[in-house]
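The values are calculated or read from the model by the stated rules, or taken from the named source; none is laboratory data. These numbers come from a predicted model, not from an experiment. No Cβ is skipped: glycine too gets one built from the backbone with ideal geometry, and neighbour counts run over all protein chains shown. Ligands, DNA and RNA are stripped out before the accessible areas are found, and what is left, the full protein with its side chains, is counted by its heavy atoms. Shrake-Rupley method; radii C 1.70, N 1.55, O 1.52, S 1.80 Å.
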Amino acid sequence: MHSRFAYLRAWGGRYCPDLAAGQWWRWLTGLLLHQSALHLVSNTALLLVLATYLESLYGCWRVLPVFFVAGIAGNM
């Protein structure tokens, strides 16, 4: 296995055999992992701009579930 993917798997990234073995939490921890610093910075910048705008329109408690559902759907 490629070392980058082994790193992501070790930190809780989504890996189908682990999910099949009952490690359901990987659907959530995969939302927080990033492959590189550039990936993290770009996601943080986009989330800062977009989430700030959406929260001002709809409120935190309406945006938060959408964030989680979109993240889990993105893992699929």
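Answer with yes or no whether V63 is at pLDDT 90 or above, in contact with an Asp or Glu (Cβ under 8 Å, 6 or more places away or on another chain) and either farther than 29 Å from A6 by Cα or surrounded by 11 or more Cβ atoms within 10 Å (Cβ to Cβ) (or both).
On the way: at pLDDT 90 or above: yes; in contact with an Asp or Glu (Cβ under 8 Å, 6 or more places away or on another chain): yes; either farther than 29 Å from A6 by Cα or surrounded by 11 or more Cβ atoms within 10 Å (Cβ to Cβ) (or both): yes.
Judged against the criteria, V63 is a match.
The selection criterion, being open to solvent by less than 80 Å² (accessible area, probe 1.4 Å) and hydrophobic (A, V, I, L, M, F, W, C), holds for A6.
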